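Chemist: Structure in structure tokens, see below.
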Amino acid sequence: MSFQFDSISVYSSPVYFGPQRYHIDYEKMKYRLHQPADTECLTVMFESNPAQLEALLPEPFKLTDPVVTVMAAEFANIGWLAGNTYRILQYSIPVRFDGEIDHFYGDFLLALFENHCDPIVGGREGLGYCKIYCDLPRFKKLNGVHRMVASSWDFQFMKMQVDTNKPAADGERMQRIINQSQGKMNFKYIPGTGSGGVPDAAYPVFNPKWQKPDDYPFELMQPQLTVCDGSVAFFEPQWEDMPTYYQVAKGMYDLENKGVIGAQRLLYSDACDFSHAQKLR
């Protein structure tokens, strides 16, 4: 008998060995799979050129404030990854989506880098996140100053710093922009094979901010937030430095930086629940 898909399971290529988590007893494992991650998050927000940012947005997304948010995070003790850890770096801009049916404010992800393949494949194929691999070492911390660098093929294309000893230039504006967001927005794109440029998928998606269910079984730590100052720098690559994603690093380097609005360091429990992601209409 040849291989056949069953009608209820979630698969990821290669599919022939069975669906994801094929041998898991969900009744015994469901709570461990959903154990929240211990998360440390560093954020720097800077003002940029609105025309440059608008040129990056597909219709019908509209820019709501000409700022760029750079966020790096480390997720540790993740339930669905059997307690493992990985790190991310994301660039986003605040937008409003006004479609025929859906109307939301959100953070539109320009790029989301991660340092492990497994969350990249699942988030990119299934959820539509614009995920890319890069090297992301652990944060360096000394006397309240937190540093993060990112590199690809040994080329360092970004560095950021969050200094908890200094106040934010405009912390109120930063928090207002953060609080306005109702979730993460992406544009799912999967190229077609032999299609002459016609994609298999090309549409906007939305993952709303997580709301704690009444029967949530895990204890969540009280978030620890420090609003402060910071900096971010992008470095110009040559094509040979980043041959597959040169355009991403070059695009961020070309963005005008009119000054940092503020930064923050946040410690919290992340539920890592992406089950509410939806196609926008």
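Chemist: Is any residue of the range 200-221 close enough, with backbone N under 13 Å, to a label point placed 7 angstrom from the Cα of Lys279 along the Cα-Cβ axis, and if so, which?
Modeler: It comes to 200-206, nothing else.
Chemist: Further question on the same structure: Considering only protein heavy atoms, with the full assembly of protein chains and a 1.4 angstrom probe, order Val149, Val70 by accessible area, largest first. Before the final figure, lay out each step's value.
Modeler: On the way: Val149 55, Val70 0 Å².
Per-residue accessible area, sorted high to low, gives Val149, Val70.
Chemist: Could you look at the chain and say what percent of its accessible area is carbon and sulfur, using a 1.4 Å probe and all protein chains? List each step's numbers first, then the result.
Modeler: Numbers: 7960 of 15680 Å².
C and S atoms contribute 51 percent here.
Chemist: Where the only charges are on Cβ atoms (+1 Lys, Arg; -1 Asp, Glu), what is the dipole of the chain about its Cα centre, to the nearest 20 debye?
Modeler: Details: 26 positive and 34 negative charges, 67 e Å.
Computed about the Cα centre, the dipole is about 320 debye.
Chemist: Among Tyr91, Tyr253, what's the order by accessible area (1.4 angstrom probe), most exposed first? Please report the intermediate quantities before stating the final value.
Modeler: On the way: Tyr91 5, Tyr253 95 Å².
I get Tyr253, Tyr91, largest accessible area first.
Chemist: Over the heavy atoms of Lys62, what accessible area does a 1.4 Å probe trace out, to the nearest 10 Å²?
Modeler: 110
Chemist: Now for a different question. Summing -39500 (n - 2.57) over the DSSP H runs of n ≥ 4 in the chain and dividing by its residue number, what mean residue ellipticity at 222 nm do you reach, to the nearest 500 deg cm²/dmol? Before the final figure, lay out each step's value.
Modeler: Numbers: 5 runs with 41 residues, N = 281.
Theoretical 222 nm ellipticity from helices: -4000 deg cm²/dmol.
Chemist: Between their Cα atoms, which of Lys258/Lys279; Lys62/Lys166; Lys62/Lys209; Lys131/Lys159 are more than 30 Å away from each other? Present the calculation step by step, with values, prior to reporting the outcome.
Modeler: On the way: Lys258/Lys279 34 Å; Lys62/Lys166 33 Å; Lys62/Lys209 19 Å; Lys131/Lys159 19 Å.
In this structure, Lys258/Lys279; Lys62/Lys166 lie more than 30 Å apart at Cα.
Chemist: Enter the accessible area of His146 (Å², nearest 10), with the probe set to 1.4 Å and all protein chains included.
Modeler: 10
Chemist: Roughly how many Å is it from the Cα centre of the range 28-100 to that of the range 213-281, as a whole number?
Modeler: Between the Cα centres of the range 28-100 and the range 213-281 lies a distance of 5 Å.
Chemist: Along each of the three principal axes of the Cα atoms of the chain, give the extent in whole Å, ordering the values from largest to smallest.
Modeler: 64, 50, 43
Chemist: For the pair Asp38 and Asp118, how long in nm is the line joining their label points, each one 7 Å along Cα→Cβ?
Modeler: 1.9
Chemist: Report the accessible area of Ile178, computed with a 1.4 Å probe over the heavy atoms of all protein chains in place, in Å² rounded to the nearest 10.
Modeler: About 50 Å², rounded to the nearest 10.
Chemist: For Cα pairs less than 8 Å apart in space and 6+ apart in sequence, what is the mean separation divided by the residue count of the range 1-141, i.e. the relative contact order in percent? Before the final figure, lay out the partial values.
Modeler: Working: 231 pairs, mean separation 23.5, N = 141.
Relative CO of the range 1-141 lands at 17 percent.
Chemist: Could you work out the relative contact order of the chain? I mean the mean sequence separation of Cα pairs under 8 Å and 6+ apart, divided by the number of residues, in percent.
Modeler: Numbers: 605 pairs, mean separation 61.9, N = 281.
Relative contact order for the chain comes out at 22 percent.
Chemist: Per residue, what volume in Å³ does the convex hull of the Cα atoms of the range 109-215 enclose? Present the calculation step by step, with values, prior to reporting the outcome.
Modeler: Details: hull volume 21.3 nm³, N = 107.
Hull volume over Cα atoms, normalised by residue count, gives 199 Å³.
Chemist: Given a 1.4 Å probe, how much area per residue of the range 105-156 is accessible, in Å²? Please report the intermediate quantities before stating the final value.
Modeler: Numbers: 2590 Å² over 52 residues.
Averaged over the residues of the range 105-156, the accessible area is 50 Å².
The values are calculated or read from the model by the stated rules, or taken from the named source; none is laboratory data. Quantities reported herein were computed from a predicted structural model and do not represent experimental measurements. Note that we place each Cβ from the backbone using ideal geometry, even for glycine, and neighbour counts take in every protein chain shown. Side chains are part of the model used for accessible areas, which takes the heavy atoms of the whole protein and leaves out ligands, DNA and RNA. Shrake-Rupley method; radii C 1.70, N 1.55, O 1.52, S 1.80 Å.
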